[in-house]
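Only one structure is covered here, and it is reproduced in the block below.
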Amino acid sequence: MGRRRQHTSAPSLVPPGLSDARGPIARSGVGAVSPGDVDVALDRRFITALARGLEVLRCFRPQDHWLAHQELARRTRLPQATVSRLTFTLTALGYLKHRAATGEYALTPAVLALGFSVLSNFELGRIARPFMADLVEHSQAAVSLGVRHGSSMVYVAHCRGTARIILGVDVGARIPLADTAMGRAWWCTAAPGMRTSVARLLEAEEPARWPQRLARLEQAQAEYALKGFVSAESEWESEVSAVGVGLNLGDGREPLSMTLGGPSVRLRGDLLHQDFGPALVRTGRAVVAMVQAGAWRD
């Protein structure tokens, strides 16, 4: 188990005004690191082999069942020999199962047990749910709460109305940070050092798309400063529109995001921007106030 010491020499596009600290960033986005700590991989406590093993588990998306060894290597950008050792270890520990006939791997329920143990203790979802339900009743849209993981956002609470909603997501679903209202709300609320770290993740994943994504994130910051919320209309999913707010709890941890979304044919114009957007802002403020009043137990 060694430590990564290489520094990235290629220039990095980062938002104007953000510090451009150099150094490798763990692509798995270690959540326990403070927002300004962007050189976590150089810390002597950082275990590279563990980070790589978790990266293999993160390769599996909601639509994936079995993934071939070569696909795991492609997604992690790790040597195939390294992936072989990692998959052998994860299979031996019960987190992966191996189909020898095809050389493919799949997640086991042991991974789900880890995730649900975290979600069951996530008190903010319990606190936010009544406020989210009230907003669902008002809007007849879907209201969701999410946290960042790497360059993605993960749903940790989700409320639906009785109206037909086309959002095919639920707790545990992972969506892209740069292309969604949930991710953009996180971006607009996060500390500059953390935005710099995530900017490097996004640039490394899709260098060709990064300038366009950065421009859209900067537009989201301007919209957030003006309205108090961000919007994404028919962008990530062509039939879905959403607005989002960041929840900064004021205790140094990363912000969360709350979104309201639904069919673009309905969520548009004044209804989305003059009614539902401001209502979401009020809901987010109410949740933060409740947390800061002492209802949060971490």
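The values are calculated or read from the model by the stated rules, or taken from the named source; none is laboratory data. Because the structure is a prediction, the values reported are computed rather than measured. Glycine also receives a Cβ, built like all others from the backbone with ideal geometry; neighbour counts cover every protein chain displayed. Ligands, DNA and RNA are stripped out before the accessible areas are found, and what is left, the full protein with its side chains, is counted by its heavy atoms. Shrake-Rupley method; radii C 1.70, N 1.55, O 1.52, S 1.80 Å.
Give me a count of the residues in segment 135-193 that are of a type in the set (F, W, Y) and at pLDDT below 90.
The qualifying residues number 1.
Determine which single condition Q70 fails, assuming it passes every other condition in (1) within 24 Å of A173 (Cα to Cα); (2) surrounded by fewer than 19 Cβ atoms within 10 Å (Cβ to Cβ); (3) at pLDDT 90 or above.
(1)
Please find, among R200, R209, the residue that is over 15 Å from the mean Cα position of the chain (by Cα) and surrounded by 13 or more Cβ atoms within 10 Å (Cβ to Cβ).
Every option except R209 fails the conditions.
Could you count how many residues in segment 269-298 are closer than 23 Å to I175 by Cβ and either modelled with pLDDT under 85 or surrounded by 17 or more Cβ atoms within 10 Å (Cβ to Cβ) (or both)?
Residues flagged as closer than 23 Å to I175 by Cβ and either modelled with pLDDT under 85 or surrounded by 17 or more Cβ atoms within 10 Å (Cβ to Cβ) (or both) within segment 269-298 amount to 10.
Open to solvent by 80 Å² or more (accessible area, probe 1.4 Å) and of a type in the set (G, A, S): which single residue out of S264, S238, S257 fits that description?
S238
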